[in-house]
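Asks: Take a look at this one; I'll ask things after.
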Amino acid sequence: MESGAVYNDTTEPRAKAPRRRLFGCTLRHLRGWRLPAKVVQTIFSFVAVVCEEIVDECSTCGGLYFFEFISCTAFLLSLLILCMYCTELYESLGEDKVQKL
């Protein structure tokens, strides 16, 4: 039992560690026209938030506040969906949970 004779190398080769992508990004789940559509949706909703914030004065602000709520919610949700489909979060949650979400 001297010099570690008990511990021999195994016959199975060691598996290589999976290569990590930058920030875990993958475009595997948004192919074709879906990726540009989600990016354009995110950009337009962000532009809507910025345009709403530019308004200085309003006489009846109810509609403006509603537009602010809708545009901010659309931006955050589209950003969340884009991040979920383009990162490894999709695999960690599972396809069935993503579809329910």
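Asks: Just give me the residues in the stretch 57-88 being within 16 Å of the chain's Cα centre (by Cα), touching a residue at least 12 places away in the same chain (Cβ under 8 Å) and more than 16 Å from F44 (Cα to Cα), in sequence order. Even if it seems obvious, please write down each step before you answer.
Replies: If we filter the stretch 57-88 for residues that are within 16 Å of the chain's Cα centre (by Cα), which is where we start, we get 73-88.
Adding the requirement that they be touching a residue at least 12 places away in the same chain (Cβ under 8 Å) leaves 74-75, 78-79, 81-82, 84-88.
Listed by number, the residues that qualify are M84, Y85, C86, T87, E88.
Each row is one residue, and each column tells you yes or no for (1) among the acidic types (D, E); (2) open to solvent by less than 50 Å² (accessible area, probe 1.4 Å).
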position: K38; (1), (2): no, no
position: E53; (1), (2): yes, no
position: F66; (1), (2): no, no
position: F75; (1), (2): no, yes
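Asks: Among (1) surrounded by fewer than 16 Cβ atoms within 10 Å (Cβ to Cβ); (2) modelled with pLDDT of 90 or more, where does H29 come up short?
Replies: With (1) surrounded by fewer than 16 Cβ atoms within 10 Å (Cβ to Cβ); (2) modelled with pLDDT of 90 or more applied to H29, the lone miss is (2).
Asks: In the stretch 50-87, what residues are under 17 Å from K38 (Cβ atoms) and not in a helix (DSSP H, G or I)?
Replies: Just the residues of the stretch 50-87 that are under 17 Å from K38 (Cβ atoms), to begin with: 71, 73-87.
Result: T87, single match.
Asks: If R14 meets every condition in (1) over 17 Å from the mean Cα position of the chain (by Cα); (2) at pLDDT 85 or above apart from one, which number is that one?
Replies: (2)
The values are calculated or read from the model by the stated rules, or taken from the named source; none is laboratory data. Predicted model only: the values in this text are computed from it and were never measured. Cβ: placed from backbone, ideal geometry, glycine included. Neighbour counts: every protein chain shown. Side chains included, ligands, DNA and RNA excluded: accessible areas come from the protein's heavy atoms. Shrake-Rupley method; radii C 1.70, N 1.55, O 1.52, S 1.80 Å.
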